[in-house]
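The values are calculated or read from the model by the stated rules, or taken from the named source; none is laboratory data. None of the values given here were measured: they were computed from a predicted structure. Cβ placement follows ideal geometry from the backbone for every residue including glycine, while neighbour counts extend to all protein chains displayed. Calculation scope for accessible area: heavy atoms of the full protein, side chains included, ligands and nucleic acids excluded. Shrake-Rupley method; radii C 1.70, N 1.55, O 1.52, S 1.80 Å.
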Amino acid sequence: MSNKLFIETLGCAMNVRDTEHIIAELNKHDDYTTTTNVEEADLIIINTCSVREKPVAKLFSELGQFKKKRKNGAKIGVCGCTASHLGKDIIKRAPYVDFVVGARNVSKISNAVKNKGTVEIDINYDETAYEFSEYRNSLYKASINISLGCDKQCSFCIVPATRGDEISIPADIILNEVKKSVDTGAKEIFLLGQNVNNYGKRFSASEEKYTFTKLLQEISKVEGVERIRFTSPHPLHMDDEFIEEFATNPKICKSIHVPLQSGSTQILKDMKRGYTKEWFLNRCERIKSKVPDVRISTDIIVAFPGESDEDFADTMDVVEKVKFDQIFNFKYSPRPNTSAATMEQIPDEIGTKRLSHLIEVHKEHQNEHMASNVGKTMKVFFEDLKPNGEIMGFSDNYIQVFVQGSEELLGQILEVKIISASRTSLKGKILS
Ligand code: SAH
Ligand code: F3S
């Protein structure tokens with residue numbers, strides 16, 4: 001009989017992919033099936049995020065719950081960024097935890113499960129040439145890592161301390177993974193890295209010369225690939241060549257994440273982001289002028305240390321000018337081992353006020369954007385059947401679209417006429 005695995009994933013798209021790798025790796029050596037019921041699990045894993053304080057605090061309360069609910073003999077493991085960051089302190093604080101495996105050590109998971117007390121948290125461990133076996137949550141979409149770690153050292157960010165230095169995965173390994181994914185039914189490829197458009201900066205073994213633009217071109221040549229997405233690019237590396245490829249390659253989805261963080265050039269400098277407000281605006285304008293239907297999302301941090309009313313007004317100015325389709329907004333959260341944590345902090349009430357103002361303005365923009373889609377025809381890739389009988393898919397510029405339909409639509413890309421809009425999704429009718 002197979003073992004039952006309960007795995008909870010917190011955080012970003014890369015953590016979601018790491019979870020797929022964990023499942024693939026466990027199944028390479030033993031037989032596991034996943035369960036959503038923690039009480040019947042033989043193995044319980046939390047794949048953690050440490051980018052802000054909240055998910056870290058959640059980890060220990062969750063662990064306590066799992067300890068109470070678990071069946072006799074079930075093991076508990078902690079993986080991901082908080083594993084890298086807290087290491088053996090997790091076992092000190094929660095001695096019933098059997099093993100700790102960091103975000104850069106996933107290939108060691110099977111061994112860790114079998115050896116109580118294992119702590120594998122080498123953040124510069126080189127997994128770039130390690131070929132994980134195939135496992136993915138979706139039949140139609142495949143997430144593929146193209147680089148590990150990050151060299152950027154943004155002053156607020158803990159990621160370089162949990163995922164190590166940036167190393168690109170060799171292009172032949174990526175292309176091979178793309179081919180395997182397509183052969184097993186994937187039509188959409190989602191490329192992942194902390195800084196995808198810096199791809200090719202450093203490989204661990206070869207002197208290969210490669211750019212992200214070239215990688216996009218090579219992937220789009222693979223037969224069967226219909227859509228390509230990626231996250232996250234860095235505004236600093238959005239050169240004209242990259243924007244041209246994004247605009248003209250028909251396989252690349254016309255939705256892009258351009259993480260702003262702040263609209264104030266001084267705060268951007270303090271954050272060590274490497275670009276100015278003007279550069280950011282210029283890149284967004286260029287993208288919009290070349291791709292009229294583009295959907296731009298962003299990340300914004302409010303109340304970074306030293307952020308004055310004028311600095312925040314600069315952020316709002318960028319928000320008004322770009323009118324982002326989606327904003328992931330965060331109140332600054334001081335993180336250990338980051339230089340911003342030792343700067344003078346902004347009172348919490350100010351952060352809360354700025355955040356709610358940003359959310360209000362952004363809601364208006366979202367309503368405007370979404371309403372403007374009514375009457376348009378979009379190509380929708382259907383991927384999920386909802387309990388109410390609706391079929392859900394994503395447009396080429398990555399808006400969620402619902403239609404009435406049945407299971408045969410799943411995995412198909414079809415033309416849809418949009419008939420109504422809410423702030424977060426559209427409803428449409430299939431054109432036959
Ligand atoms: N390279 C990744 C960044 C990962 S962190 C990317 O560009 O997506 C994801 C987001 O979390 C960041 O873009 C930032 O907006 C937010 N973030 C990171 N550290 C933070 C902190 N200390 N406080 C608040 N938000 C933070
Ligand atoms: Fe973090 Fe900046 Fe890298 S946000 S992941 S240090 S690009």
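Would you confirm whether any residue within region 320-335 is touching a Lys or Arg at 6+ places or on another chain (Cβ under 6 Å) and within 16 Å of ligand 2 (Cβ to nearest atom)?
Scanning region 320-335 turns up at least one residue that is touching a Lys or Arg at 6+ places or on another chain (Cβ under 6 Å) and within 16 Å of ligand 2 (Cβ to nearest atom).
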Of (1) in contact with a helix residue (DSSP H, G or I) (Cβ under 8 Å, 6 or more places away or on another chain); (2) in a loop (DSSP other than H, G, I, E, B), Phe382 satisfies every one except (2)
Output for region 233-251, where each listed residue is surrounded by 21 or more Cβ atoms within 10 Å (Cβ to Cβ) and either of a type in the set (Gly, Ala, Ser) or away from ligand 2 (no atom under 11 Å from the Cβ) (or both): Met238, Phe246
Residue pairs qualifying under the 7 Å Cβ cut-off, at least six apart or on distinct chains, with the first in region 178-206 being modelled with pLDDT under 95 and the second being within 16 Å of ligand 2 (Cβ to nearest atom) and β-branched (Val, Ile, Thr), are Arg202/Ile167; Phe203/Ile167; Ser204/Ile167
Test each condition in (1) surrounded by 17 or more Cβ atoms within 10 Å (Cβ to Cβ); (2) within 12 Å of ligand 1 (Cβ to nearest atom) for Asp314 and report the one that comes out false. (2)
Pull up region 135-166, narrow it to residues that are in contact with a helix residue (DSSP H, G or I) (Cβ under 6 Å, 6 or more places away or on another chain) and away from ligand 1 (no atom under 16 Å from the Cβ), then point me to the one that is nearest to Arg227 (Cα to Cα). Ala142
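Conditions (1) under 30 Å from Lys331 (Cα atoms); (2) over 22 Å from the mean Cα position of the chain (by Cα), marked per residue:
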| site | (1), (2) |
| --- | --- |
| Met14 | yes, no |
| Asp18 | yes, no |
| Lys28 | no, yes |
| Asn37 | no, yes |
| Ile44 | no, yes |
| Cys49 | yes, no |
| Lys58 | yes, no |
| Gln65 | yes, yes |
Only one of Met14, Met1 that is of a type in the set (A, V, I, L, M, F, W, C) and either touching a helix residue (DSSP H, G or I) at 6+ places or on another chain (Cβ under 6 Å) or assigned to a helix (DSSP H, G or I) (or both): Met14
Output for Cβ contacts, cut-off 9 Å, separation at least six or different chains, first residue on the phi > 0 side of the Ramachandran plot in region 81-92, second open to solvent by 10 Å² or more (accessible area, probe 1.4 Å), reads Gly87/Val119; Gly87/Ile121
